[in-house]
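Engineer: Could you have a look at this structure, given as structure tokens, before my questions?
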Amino acid sequence: MGEPFDISYVFEYLVKLLPTLKITLLIVVSSIVIGLGVGFIVALPQLYKIPILRRFSQVYLSFFRGTPILIQLFLFYYGLPEILKLVNLDVAKVPAIYFVILTYALHSGAYMAEMIRAAVGAVDRGQVEAAYSVGMNGFQAFTRIVLPQAMAIAIPVFANLVIANLKDTSLAFSLGIMEMTGKSQTLAVMSRHFVETYISLAIIYFVISFGLEKLFHLLERKLLKHERRITTDVKEQLVKLGKTKRSLLGFGYSRGGRENEA
Amino acid sequence: MKLDFAFIWTAFLQLLTAVPTALAITVVSVSCGLLIGTTVAIIRLYKIPVLHPIAASYVTFIRGTPMLTHLLLIYFGLPIIVDGISEALGLSFRSVSIPMIGFAYISFSITAGAYMSEVVRSGLLAVNRGQIEAAYSIGMTTSQAMRRIILPQAFSASLPNLSNSVIGMLHGSTLAFTVSVVDINAKAQIVASTNWKFFEAYLAAALIFWGLTFIIERLTALAEKRFNLYNRGGVS
Amino acid sequence: MIKLTQIKKSFGRNEVLKGIDLTVKKGEVVAILGPSGSGKTTLLRCINYLEKPSDGQITIDEFTVNYKRPDKKDIHTLRQKSAMVFQQYNLFKHKTALENVMEGLLIVKKLPKEKARQISVELLDKVGLGNKLDAYPSELSGGQQQRVGIARALALNPEVILFDEPTSALDPELVGEVLGVIRKIAKEGITMIIVTHEMSFAQDVANHVVFMDGGVIVEEGNPSQIFNNPKEERTKQFFKRITPDGVYSI
């Protein structure tokens, strides 16, 4: 179906694909940043058990985790312009990449919300009580005591989400975005060296996700410096986090689970 | 905007015909993945020489790359290998006789295998060490202990992860359209292409996936109740 | 002075505190004793509003909060007037010993950093941890952690320090060092309310003993009166059960 296999092309395509890495990373970084914000907004009604908003959060989570990202991409790409027309906003000329970023952000937002909820829940209740007992108000207790500890707990899950998001961006090609996968398809079709192109593509993804994983590992060590000897206490918290928040242990092309590495 | 509700319903009904394909992909990849995953997990847990590093690299590579690249590599790479081998052996079999969906089955099983191995591994690790010692103490062999004591407990411990894997593969089945398999996603494109009502078609597709996911979650909850009977009690 | 009036607390249908009245004079060291489930820890937590009482009123140092309708500001003020030493220490896990003590001074009292540091170092010295300033809680023994907890409470210079079974999570050999520190600060005239199981310690340190059972105060008075000559049958029973042959031990 293509040209005979020639390993030397792998390197050539690697060089040709690398420039499109910045589009991939643009999608990843912006959707993660927005997704974190979305995640916070969605998690808050659940953390503070706000009556009606809590329902909305639940439906949001259920929808974005209950449907494939590919379907969501198409849904927003086709649907959002229609909805915005209602308020006389014409987005027909807005480049597709903005829709893609928005979709990935909303999608990650659901998982981020779960992560935040789980991590905050894993911080010992006694910590908040101690904060109150020294006279802090609720906001101070949250920002100074709970959040820093929750962040350290959430890092492994966050790392998973970023890497999963990176892998998910490979679907953006379906809306014509020329990120790495999109570019590789064009290259492959033109040269007929399919396998070589896709090997190059896989190599780049692998190196990036591997690097990210190592990076987050370092960050985690730094944030957990107060646990110089990792106590069973924190291990328990991590286990609890993994057990109760099963969605984050998840799997498939959309959510990787690597909690149990090591 | 006028949302064409009638068409959402039409699309919904038409998309239902693609549900069996999606389910077939899910079931095949999950079952084969479970088989691969269990083998890999046992190889890694017992640190079997030679196989152990291979298994580890397999898991690391698959989890470090998108599922789509696995599919593309299998779709374009497997025929070269298959044809090469059968030519060398003088067989008449050629890769063109592999149906499109076969590539999806193979590729997704390989993907699922890597993730499943982690599910199985964490399930096995969740079983208390004392359990196997107790099994030995009443004279069971390793394989008896595995089958009768460890695996049943590991299974119920990993049910939530397992359910996530199934949902992951179900959602992953939407990638099959790239190798021309008519799954729910491809069907939505086809249904909408006649009248350009893509939004409606994808709404219907989203609803179907949402429903299927919901069903899987319900079933898991039921299974958890059933299998975790022995786990009751404790503090709560 | 601290004055509790008709403090009530229920968990669901279960009434844990059935109207507690208690007055603590300035500089008094109060020991609250009683069997588990008697409501003594709940009472202590109500004073700091870590538990929300269903009814009642509290006055600390002329400042009164009615628990029927407390507003957020009142609770905040109330908490600043008291400090708590927890059974499980509850040191901030991501902060060093020094940072734990400084935290309240910086954030709540808004002291400048230098000043906060100076006070904290002095206090840690006082509890015998001058050499552990930069240690994280995970690097400290239980006894050391609890002493940091006491320094953290002292730093706020509160009207009253509440001790919730401060030694019951400790290994027996570490109990002494913590009790020693509490004894030391008791002599400085700081008002303290201590929930404890350490009978000999209570007898020795407290100048006001309260015996609780079933959500009410059964009997209160000075230590020699309560320990040696209890009036109520329930108090007698309690001491008989936990101190056979007159040996104070649990």
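Engineer: What number of residues within the stretch B:76-94 are surrounded by 18 or more Cβ atoms within 10 Å (Cβ to Cβ) and either more than 8 Å from chain A (Cβ to nearest Cβ) or more than 15 Å from A:S184 (Cβ to Cβ) (or both)?
Structural biologist: 1
Engineer: Exactly one of (1) of a type in the set (G, A, S); (2) surrounded by fewer than 20 Cβ atoms within 10 Å (Cβ to Cβ); (3) in contact (Cβ under 8 Å) with a residue 60 or more places away in the chain is unmet by B:A41. Its number?
Structural biologist: (2)
Engineer: If only one of A:G126, A:G135 is within 7 Å of chain C (Cβ to nearest Cβ) and in a helix (DSSP H, G or I), which one is it?
Structural biologist: Matching residue, one of A:G126, A:G135: A:G126.
Engineer: May I ask you to say which residue of B:S143, B:S122 is within 9 Å of chain A (Cβ to nearest Cβ) and either modelled with pLDDT of 85 or more or over 25 Å from B:A206 (Cα atoms) (or both)?
Structural biologist: It is B:S122.
Engineer: So, one more: For the stretch B:185-198, check the following and say yes or no: at least one residue is under 23 Å from the mean Cα position of the chain (by Cα) and more than 10 Å from chain A (Cβ to nearest Cβ).
Structural biologist: Scanning the stretch B:185-198, I find at least one residue that is under 23 Å from the mean Cα position of the chain (by Cα) and more than 10 Å from chain A (Cβ to nearest Cβ), so the answer is yes.
Engineer: Residues of the stretch B:15-38 being surrounded by fewer than 22 Cβ atoms within 10 Å (Cβ to Cβ) and of a type outside the set (V, I, T), which ones?
Structural biologist: B:L16, B:P20, B:L23, B:A24, B:S31, B:C32, B:L34, B:L35 - these are the residues of the stretch B:15-38 that are surrounded by fewer than 22 Cβ atoms within 10 Å (Cβ to Cβ) and of a type outside the set (V, I, T).
Engineer: Okay, next question. Based on what the data block shows, is C:A155 surrounded by 22 or more Cβ atoms within 10 Å (Cβ to Cβ) and either basic (K, R) or out of contact with any Asp or Glu (no Cβ under 6 Å at 6 or more places or on another chain) (or both)?
Structural biologist: Yes: the conditions hold for C:A155.
Engineer: Inside the stretch A:43-74, can you point out the residues that are in contact (Cβ under 8 Å) with a residue 60 or more places away in the chain and of a type in the set (A, V, I, L, M)?
Structural biologist: A:A43, A:L47, A:I69, A:L70, A:L73
Engineer: Residue pairs, Cβ under 8 Å, 6 or more apart or interchain, first in the stretch C:67-91 and within 8 Å of another protein chain (Cβ to nearest Cβ) and without any contact (Cβ under 8 Å) to a residue 24 or more places away in the chain, second part of a loop (DSSP other than H, G, I, E, B) and small (G, A, S). List them.
Structural biologist: Filtered contacts from the stretch C:67-91: C:H76/A:G135.
Engineer: Can you work out which of the residues in the stretch A:189-207 that are under 18 Å from B:V179 (Cβ atoms) and aromatic (F, W, Y) is surrounded by the fewest Cβ atoms within 10 Å (Cβ to Cβ)?
Structural biologist: A:F194
Engineer: Applying the selection to the stretch C:126-172, what residues are within 14 Å of chain A (Cβ to nearest Cβ), in a loop (DSSP other than H, G, I, E, B) and in contact (Cβ under 8 Å) with a residue 24 or more places away in the chain?
Structural biologist: The answer is C:K132, C:D134, C:A135, C:Y136, C:L140, C:S141, C:L156, C:P158, C:E159, C:E165, C:P166, C:A169.
Engineer: Next question. Away from chain A (no Cβ under 14 Å), part of a helix (DSSP H, G or I) and of a type outside the set (G, A, S): which single residue out of B:Y136, B:Y58, B:Y115 fits that description?
Structural biologist: B:Y136
Engineer: Among (1) facing chain A (nearest Cβ under 8 Å); (2) more than 30 Å from C:K8 (Cβ to Cβ), there is one condition C:L111 misses while meeting the rest; what is its number?
Structural biologist: Here C:L111 clears every test but (1).
Engineer: Go through (1) buried (at least 22 other Cβ atoms within 10 Å of the Cβ); (2) at pLDDT 90 or above; (3) part of a helix (DSSP H, G or I) for C:G104 and report which single condition fails.
Structural biologist: Here C:G104 meets the rest and fails (2).
Engineer: Here's something else I'd like to know. Please work out if B:M100 is surrounded by fewer than 19 Cβ atoms within 10 Å (Cβ to Cβ) and touching a residue at least 60 places away in the same chain (Cβ under 8 Å).
Structural biologist: yes
Engineer: Just to be sure I understand, how many residues within the stretch C:107-125 are in a helix (DSSP H, G or I), over 25 Å from C:G180 (Cβ atoms) and in contact with a helix residue (DSSP H, G or I) (Cβ under 8 Å, 6 or more places away or on another chain)?
Structural biologist: 5
Engineer: For A:R144, all conditions in the list (1) away from chain B (no Cβ under 14 Å); (2) more than 28 Å from A:Y98 (Cβ to Cβ); (3) within 22 Å of the chain's Cα centre (by Cα); (4) not small (G, A, S) hold save one; what is the number of the exception?
Structural biologist: All conditions pass for A:R144, except number (3).
Engineer: Considering only the stretch C:175-196, how many residues are in a helix (DSSP H, G or I), farther than 18 Å from C:G130 by Cβ and without any contact (Cβ under 8 Å) to a residue 60 or more places away in the chain?
Structural biologist: 5
Engineer: Suppose the filter is assigned to a helix (DSSP H, G or I), out of contact with any Cys (no Cβ under 7 Å at 6 or more places or on another chain), more than 19 Å from A:I101 (Cα to Cα) and more than 10 Å from chain C (Cβ to nearest Cβ); does A:S174 pass it?
Structural biologist: Considered against the rule, which asks whether it is assigned to a helix (DSSP H, G or I), out of contact with any Cys (no Cβ under 7 Å at 6 or more places or on another chain), more than 19 Å from A:I101 (Cα to Cα) and more than 10 Å from chain C (Cβ to nearest Cβ), A:S174 comes out as no.
Engineer: Still on this model: Among the listed residues B:F209, B:F177, which satisfies the condition of being in contact with a His (Cβ under 8 Å, 6 or more places away or on another chain) and either within 14 Å of another protein chain (Cβ to nearest Cβ) or closer than 30 Å to B:L68 by Cβ (or both)?
Structural biologist: None of the other options fit; the residue is B:F209.
Engineer: Would you be able to say whether some residue in the stretch B:15-32 is of a type in the set (S, T, N, Q) and over 27 Å from A:L171 (Cα atoms)?
Structural biologist: Checked against the condition, which is being of a type in the set (S, T, N, Q) and over 27 Å from A:L171 (Cα atoms), the stretch B:15-32 yields no hits at all.
The values are calculated or read from the model by the stated rules, or taken from the named source; none is laboratory data. Remember, it's a predicted structure, so these values are computed and weren't measured experimentally. Cβ sites come from the backbone with ideal geometry, for glycine too, and all protein chains shown count toward neighbours.
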